[in-house]
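The values are calculated or read from the model by the stated rules, or taken from the named source; none is laboratory data. Keep in mind that this is a model prediction, so the values were computed, not measured. Counting neighbours? That spans all protein chains shown, and the Cβs are built from the backbone with ideal geometry, glycine included.
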Amino acid sequence: MPVFNQSRGRIVQIIFALVFLVIIGQLINLQLFSVKYKLAAENNAILRKIIYPDRGIIFDRKRRAILENSNSYDLVVIPSETKGVDTFSFCRLLNIDTAEYKKRMRDLTFKNGYVKPSIFEPLLSVEMFARLNENIYKYPGFSLTERSVRTYPYGVAAHVLGYIREVDTTYLRKHKDEGYQIGDYAGRTGLESYYEKVLMGQRGVKNFIRDNKSRIQGAYEKGIYDTAAVAGKNMHLSLDVELQKLGEKLMSNKVGSIVAIDPKTGGILCMISAPTYDPNYLTGSEQKKHFSDLTFDPRLPFNNRALGTKYAPGSTFKTVVGIIGLTEGVIDERTTVVCPGYFTGCGTGKPKCLDKGTFQFTGAVAHSDNSYFSTVYKRLMEESKYPSTDSALSAFNVYAKSFGFGHKLGVDLPSELNGLLPAGANYRKEFGPRLFPCNLISNAIGQGKVETTLIQLANAMAIISNRGWYYTPHLVDSIEGGDEYNMLDAYTTKHYTDKRIPDTVFSAVQDGMQAVMEYGTAVRSRISDIIICGKTGTVENYAKVNGVVKKQPDHSFFGGFAPRNNPRIAIAVICENSDQGARVAAPIASLMIEKYLKDSIRGAERQAMEVEYTNRVYIPPVMRMEIAKKDSLKKVKENEQLLQQKLNKKEADDSTADESLQPEPEPKTVTPPIKNIPVPKRKADKLTAALIIDERKNKKTNSK
Amino acid sequence: MSTRNNISSQGVDWTIVWLYAILVSIGILCIFMVEYRTDTNWLQTFLGGKTNYSKQLIFAGFCTLIATFILLTDSKLFTALANLLYAFGIVLMLATFVLGKNINGSKSWIPIGGGFNLQPAELCKIFTALALAKFLSRQETEFSNIRSQLIGGLIAIAPAILSILQHELGLALVYSAFLVAMYREGLPAQILIFGSSFAILVVATLILDPNVLALSLTAIAAILIFLLRKQIKKSRQLLIIIVGVWLFCVGTQRFVVPYIFNNVLECYQSTRIYSMVGKEYDCGKNKKSERKQGEKAARKPDDYNVRQSKIAIGSGGLTGRGFLKGTQTRGKYVPEQHTDFIFTSLGEAFGFIGCFAFLAIYLFLLYRIVRMAERQRSTFSRVYAYSVASIIFFHIAVNVSMTIGLFPIVGIPLPLISYGGSSLLTFTILIFILLRLDADRQMVLR
């Protein structure tokens, strides 16, 4: 048979070859010249998982761990594997209703997908964990996973240690380049925040291969690109847990603060801010609720009053006025001033002085004579070497500033306040362009515009005890493994007070302060075998209540140090709206000093004193009102709920005929959701309700 | 003339048998790559027979058996049964409309028990190849006349139309492979040229703005008339031809192509074709999707498959990630990777070098078959050989092109590689019948 068209066989072959060439061309384009596909493949398939290291542990001065890590459990669920779960019994186990169960499943499926594990219930309580652990095998798709949680074995020093919380958008915006992402935890207050870099450690990265549904398939390249996590560094504090504990006990049911400093090193021995809270309260399964409870408490428990509230220092400031007066030579130790019941120098009859008589310097300090220090202050302001009161005031401030007043000390805690040393400019509004010494006279006794934080006051006491020098007060003594970020350098520089102050001046002031304890205002707080130097303070204060300025109970102050020779503790105490300085703050300080120097409160009398001051209740009247208001609102709310329940029941009775079939589950399903009213809603209600009541009161007063 | 021997292995082209074995082995390895999980004991699952690669191995064993049988038969059997088998195939395809089972949206499978399904459209390729060879080798057939060409075309087109009715566009397209065989037997080249020009026009319609294309077509016509004005003066006919072609082209791009996309093709098909040239297709224009809206909201089609497939192949680079190391394959990012997109696992694991070598094996096989075709004495064998070559070629070209984004996605398996019993069996039978015929190439078969 003849073969036709043989040339066409060749053409067919050429067509085959051409098409293959086109394919090869596209393969070259895809595989050799397009980088984007390789990148896209990595984005597709490689999951970078961040490994969180354990945060650093914090120890006190005697190496007791006061902040460490423990394990808690989360209930984790993979929604796609939960088919056939006995939802009803599971919900009974968890104390939730099936509607809640469905809602949670829907939410987490929406957030995290159907086939990936999500947290169904975080941070299980111990009982809940025990209950679930026994039964978890019955519920496919559910499992318990461990996670590290911060715990506070002593349950003290909440303000000092601070807490960690999940970062929010504001935090992320502030810390843009530090590698945080949603879901991370970061220190938000206290040491946790200030030393975040140190405590956090170094996060590691693990590369996983994931599939098209983001399920992990195993390590990528057997982990050669992984980096290990480095645990956070441990820190040692100068804090004494026992002292801190006693301080918190003594300050219970009071509002105020105690700060004690080791004058030799500047290390803070204790820092109490009352009211405080157990820091473990904010780590458990109900932390969200607890956070909002504390945030909306009228006593503001989150405020660290040791450095976050400014107070007029009252008579404790007289020590500084005295030092400046003696240094400038406007008085000497033998200068006497008469107190006829009030200060005569300005003709206003103010300030008053209570112990009538004639005082020398020591006696004036011992009895806290207002007349004496007003005279000193007036003399300082009238000094002829200064052309005006303004310049005299600035000269005074130069001294005072060297005692650490009027500016941030640089304590290693966030949100420290400045305090205020008033200058001429602060008075222009009130007194016009020209100041007279009598305009400022209340500063002499720490009542005018002078404002200090309690830690500034404690630091001033440390300076007096050291006779003119101090280290910046700080909490962290050392960081295990070295101070990588040089955060402790600032605490090794010695600061000196103004060089013009001679040593004898400190002796004179210390004499006076010793006299305070021996026969002066704080005589009842003296301890026989410890020479304490101290100064009480009683600060008048006013508060606006419903638009009317009203005098409130005095703030009780005390500042001091002990022992006089070779001082080991300098302390400052404030108890808001309680009583005179000698009656509350001084005894509390003396108990603290005894505890620190002698390790315990000795003798029946002193122990009785400890119990007495622990039991005293000094809640400022303004806060009392707020709390009462809040409680009554809660009651109204509860009544409303009861009413609602009754109505519901009535409706049920009225409407359903087969109600008798299911009387059991009815109340059960009704009550829990009411208990679990979402917190934010309640908050809002409270606030608006509170406002409304205020307005009502205002209207009443207006109509009167 | 040749010495007749009872040993039927005599004259069998062992090169092709080896190529066949190599390709089937590569296929099983590729399926293994797709199914492989680090955390499972592959030997156990392999012996368990539950996985696709062990099933494919069973298919391969079965195919070896069939292949042996074919080699043992007499070549005359195929010429004798060609028409009967073709009729049987058509009947089977018709039967799917009654017995058919719906798999992946195409109702083209007949369940044959034991979890196995048969796709008659696959088998029909063999029967059509045989029938076409039989028709063209008839002594009374003179392929140069139009009537024979039409009958030949009809033989190829009938199963294709049935395939389209079963929503198997890919399989239907394969039947155009017979054009190559017919071209070799004397189908006028003009038809091929006309066909490819038409294809270019359709692609241009897709890519270019309709008005721009219409204007440029008019411009080309005008220039042609201007250049050929002297010839046109001589014969009016030329002018009529140019104007006719111009009218046809503009009509096509203006009305025919939009009509096909909006009224003939399904929404997802139009979308795939448009996404090929990097454009979006508005399904709102599609009449079929409109009709369906009442029943069920159509799944939003996108180019996920092609994108993932390109990523997988592109990430292979020059040398590939290595056997079982492809992240895209292990992560199951490419849908249907063990069947239609099997080429991606190869591309990712062995890179450009692997792909090149693999395609070289294919090309070698094709050239070997074409060479074999040219040495046949009987037209029947030659036509059949060309049919086999072009069917395989068409499968490879379309399948690989679609995985690398050169062709819209149509469900066509990669010959001897893709998972699937029907496909493997079809190609086995196709190749071994050819080997049987080639072994008897000295005989004249009709």
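Can you list the helices (runs of 4 or more DSSP H) found entirely within the range A:130-196 that contain at least 1 residues being surrounded by fewer than 12 Cβ atoms within 10 Å (Cβ to Cβ)? Before the answer, list the steps.
Values: elements: A:158-161, A:169-174, A:190-194.
It comes to A:169-174.
With the requirement that a residue be β-branched (Val, Ile, Thr) and assigned to a helix (DSSP H, G or I), what does the range A:62-113 give you? Can you show your working first?
Taking the range A:62-113 first, the residues β-branched (Val, Ile, Thr) are A:66, A:76-78, A:82, A:85, A:87, A:96, A:98, A:109.
Passing the criteria: A:THR87, A:THR98, A:THR109.
Inside the range B:138-187, counting only helices (runs of 4 or more DSSP H) that do not spill past its ends, which hold 3 or more residues that are over 17 Å from B:SER108 (Cβ atoms)?
Working: elements: B:146-165, B:169-174, B:178-184.
Those helices (runs of 4 or more DSSP H) span B:146-165, B:178-184.
How many residues does the range A:401-453 contain that are within 15 Å of A:GLY314 (Cβ to Cβ), in a helix (DSSP H, G or I) and among the hydrophobic types (A, V, I, L, M, F, W, C)? Explain how you work it out, then say what you get.
The initial filter retains those residues of the range A:401-453 that are within 15 Å of A:GLY314 (Cβ to Cβ), namely A:405, A:419-420, A:441-453.
Remaining after also requiring in a helix (DSSP H, G or I): A:441-445.
Still in the running and among the hydrophobic types (A, V, I, L, M, F, W, C): A:441, A:444-445.
Number of matching residues: 3.
Run down B:PHE407, B:PHE393 and say which single residue is within 26 Å of B:CYS30 (Cα to Cα) and either in contact with a Cys (Cβ under 9 Å, 6 or more places away or on another chain) or not in a loop (DSSP other than H, G, I, E, B) (or both). Spell out how you get there, then give the answer.
Values: B:PHE407 fails: either in contact with a Cys (Cβ under 9 Å, 6 or more places away or on another chain) or not in a loop (DSSP other than H, G, I, E, B) (or both).
Matching residue, one of B:PHE407, B:PHE393: B:PHE393.
Just need a number here: residues in the range B:225-265 that are among the aliphatic types (A, V, I, L, M) and within 34 Å of the chain's Cα centre (by Cα). Spell out how you get there, then give the answer.
At the first step, the residues of the range B:225-265 found to be among the aliphatic types (A, V, I, L, M) are B:225, B:227-228, B:232, B:238-243, B:245, B:247, B:250, B:256-257, B:260, B:264-265.
Next, only the ones that are within 34 Å of the chain's Cα centre (by Cα) stay: B:245, B:247, B:250, B:256-257, B:260, B:264-265.
Number satisfying all stated conditions: 8.
Name the residue, out of A:LYS535, A:LYS551, that is among the basic types (Lys, Arg), modelled with pLDDT of 90 or more and in a strand (DSSP E or B).
Numbers: A:LYS551 fails: modelled with pLDDT of 90 or more.
It is A:LYS535.
B:LEU366 is checked against (1) without any contact (Cβ under 8 Å) to a residue 40 or more places away in the chain; (2) more than 11 Å from chain A (Cβ to nearest Cβ) and fails just one. What number does that condition carry?
(2)
Just to check your reading of the model, which residue among B:ARG382, B:ARG377, B:ARG371 is within 10 Å of chain A (Cβ to nearest Cβ), under 16 Å from A:ALA17 (Cβ atoms) and charged (D, E, K, R)?
Values: B:ARG382 fails: under 16 Å from A:ALA17 (Cβ atoms); B:ARG377 fails: under 16 Å from A:ALA17 (Cβ atoms).
It is B:ARG371.
Which one of the conditions (1) assigned to a helix (DSSP H, G or I); (2) surrounded by fewer than 23 Cβ atoms within 10 Å (Cβ to Cβ); (3) modelled with pLDDT of 85 or more does B:SER289 fail to meet, given that it meets all the rest?
So B:SER289 meets the others, but not (3).
Before we move on, is A:LEU30 within 14 Å of another protein chain (Cβ to nearest Cβ), not small (Gly, Ala, Ser) and not in a helix (DSSP H, G or I)?
On the way: within 14 Å of another protein chain (Cβ to nearest Cβ): yes; not small (Gly, Ala, Ser): yes; not in a helix (DSSP H, G or I): no.
Spelling it out, it is not the case that A:LEU30 is within 14 Å of another protein chain (Cβ to nearest Cβ), not small (Gly, Ala, Ser) and not in a helix (DSSP H, G or I).
Given the condition farther than 28 Å from A:SER125 by Cβ and out of contact with any Lys or Arg (no Cβ under 7 Å at 6 or more places or on another chain), answer yes or no: does some residue in the range A:147-165 qualify? Can you show your working first?
At the first step, the residues of the range A:147-165 found to be farther than 28 Å from A:SER125 by Cβ are none.
For the range A:147-165, residues farther than 28 Å from A:SER125 by Cβ and out of contact with any Lys or Arg (no Cβ under 7 Å at 6 or more places or on another chain): absent.
Scanning for something within 25 Å of the chain's Cα centre (by Cα), of a type outside the set (Lys, Arg) and not in a helix (DSSP H, G or I), does the range B:62-77 turn up at least one residue?
Quick first cut of the range B:62-77, residues within 25 Å of the chain's Cα centre (by Cα) only: B:62-64, B:66-67, B:70.
Filter once more, so that each one left must be of a type outside the set (Lys, Arg): B:62-64, B:66-67, B:70.
The next check asks that each one be not in a helix (DSSP H, G or I); those that pass are none.
Scanning the range B:62-77, I find no residue that is within 25 Å of the chain's Cα centre (by Cα), of a type outside the set (Lys, Arg) and not in a helix (DSSP H, G or I), so the answer is no.
Residue-wise test of (1) surrounded by fewer than 24 Cβ atoms within 10 Å (Cβ to Cβ); (2) farther than 18 Å from B:ILE70 by Cβ.
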| site | (1), (2) |
| --- | --- |
| B:LEU363 | yes, yes |
| B:VAL370 | yes, yes |
| B:SER390 | no, yes |
| B:GLY405 | yes, yes |
| B:PRO408 | yes, yes |
| B:LEU414 | no, yes |
| B:ASP440 | yes, no |
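Please tell me if A:ASN43 is within 40 Å of the chain's Cα centre (by Cα) and on the phi < 0 side of the Ramachandran plot.
Considered against the rule, which asks whether it is within 40 Å of the chain's Cα centre (by Cα) and on the phi < 0 side of the Ramachandran plot, A:ASN43 comes out as no.
Taking into account only those residues within the range A:33-61 that are in a loop (DSSP other than H, G, I, E, B) and over 25 Å from A:THR283 (Cα atoms), which is nearest to the other protein chains (Cβ to nearest Cβ)?
We begin by selecting, within the range A:33-61, every residue in a loop (DSSP other than H, G, I, E, B); these are A:33-35, A:52-57, A:60-61.
From the residues that got through so far, the ones that are over 25 Å from A:THR283 (Cα atoms) too are A:33-35.
Working: A:PHE33: 9, A:SER34: 5, A:VAL35: 9 Å.
Once the filter is applied, the top-ranked residue is A:SER34.
Pick out the one residue from A:ALA366, A:ALA392 that is modelled with pLDDT of 90 or more, closer than 16 Å to A:LEU421 by Cα and of a type outside the set (Ser, Thr, Tyr). Show your work before the answer.
On the way: A:ALA366 fails: closer than 16 Å to A:LEU421 by Cα.
Exactly one of A:ALA366, A:ALA392 is modelled with pLDDT of 90 or more, closer than 16 Å to A:LEU421 by Cα and of a type outside the set (Ser, Thr, Tyr), namely A:ALA392.
Could you say which residue among B:ARG138, B:ARG184 is surrounded by fewer than 17 Cβ atoms within 10 Å (Cβ to Cβ) and among the charged types (D, E, K, R)? Give the steps one after another, and end with the answer.
Values: B:ARG184 fails: surrounded by fewer than 17 Cβ atoms within 10 Å (Cβ to Cβ).
One residue alone meets the criteria, B:ARG138.
Examine the range A:489-512 for a residue that is surrounded by 15 or more Cβ atoms within 10 Å (Cβ to Cβ) and over 23 Å from A:LYS264 (Cα atoms), and state whether such a residue exists.
No, the conditions are met nowhere in the range A:489-512.
Touching a helix residue (DSSP H, G or I) at 6+ places or on another chain (Cβ under 9 Å), assigned to a loop (DSSP other than H, G, I, E, B) and more than 12 Å from A:SER315 (Cα to Cα), is that true of A:GLY345? Lay out the reasoning, then the answer.
On the way: touching a helix residue (DSSP H, G or I) at 6+ places or on another chain (Cβ under 9 Å): yes; assigned to a loop (DSSP other than H, G, I, E, B): yes; more than 12 Å from A:SER315 (Cα to Cα): yes.
So A:GLY345 fits the description; yes.
Restricting to the range B:333-361, give me the number of residues that are within 10 Å of another protein chain (Cβ to nearest Cβ), assigned to a loop (DSSP other than H, G, I, E, B) and crowded, with 20+ Cβ neighbours inside 10 Å.
The number of residues fulfilling the criteria is 2.
To keep it simple, each residue is scored yes or no on (1) more than 16 Å from A:LEU269 (Cβ to Cβ); (2) of a type in the set (Asp, Glu); (3) out of contact with any Leu (no Cβ under 7 Å at 6 or more places or on another chain).
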site	(1), (2), (3)
A:ASN443	yes, no, yes
A:THR452	yes, no, yes
A:LEU457	no, no, yes
A:ARG467	yes, no, yes
A:LEU475	no, no, no
A:GLU480	yes, yes, yes
A:ASP483	yes, yes, yes
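Taking into account only those residues within the range A:146-185 that are touching a Leu at 6+ places or on another chain (Cβ under 8 Å) and among the aromatic types (Phe, Trp, Tyr), which is nearest to A:VAL241 (Cα to Cα)?
A:TYR152
Exactly one condition in (1) assigned to a helix (DSSP H, G or I); (2) out of contact with any helix residue (DSSP H, G or I) (no Cβ under 6 Å at 6 or more places or on another chain) is false for A:GLN580; which is it?
A:GLN580 satisfies every listed condition except (1).
Those residues that are touching a residue at least 60 places away in the same chain (Cβ under 8 Å) and assigned to a strand (DSSP E or B), I need them from the range A:462-494; list them, please.
A:TYR470, A:TYR471, A:HIS474, A:VAL476, A:ASP477, A:SER478, A:ILE479
Among the residues of the range A:559-574, which ones are touching a residue at least 40 places away in the same chain (Cβ under 8 Å) and more than 28 Å from the chain's Cα centre (by Cα)?
First, the residues of the range A:559-574 that are touching a residue at least 40 places away in the same chain (Cβ under 8 Å): A:559-561, A:564, A:567-574.
Listed by number, the residues that qualify are A:ARG564, A:PRO567.
Out of (1) at pLDDT below 75; (2) among the aromatic types (Phe, Trp, Tyr); (3) under 17 Å from A:LEU27 (Cβ atoms), what's the single condition that is false for B:TYR281?
Unmet for B:TYR281, out of (1) at pLDDT below 75; (2) among the aromatic types (Phe, Trp, Tyr); (3) under 17 Å from A:LEU27 (Cβ atoms): (3).
Has the range A:219-233 got any residue that is away from chain B (no Cβ under 14 Å), closer than 30 Å to A:THR472 by Cα and free of Cβ contacts under 8 Å to residues at least 12 places away in the same chain?
So the first thing to find is which residues in the range A:219-233 are away from chain B (no Cβ under 14 Å), and the list is A:226-233.
Narrowing the set further to residues that are closer than 30 Å to A:THR472 by Cα leaves A:231-233.
In the following step, the residues that additionally are free of Cβ contacts under 8 Å to residues at least 12 places away in the same chain were identified as none.
No, the range A:219-233 contains no residue that is away from chain B (no Cβ under 14 Å), closer than 30 Å to A:THR472 by Cα and free of Cβ contacts under 8 Å to residues at least 12 places away in the same chain.
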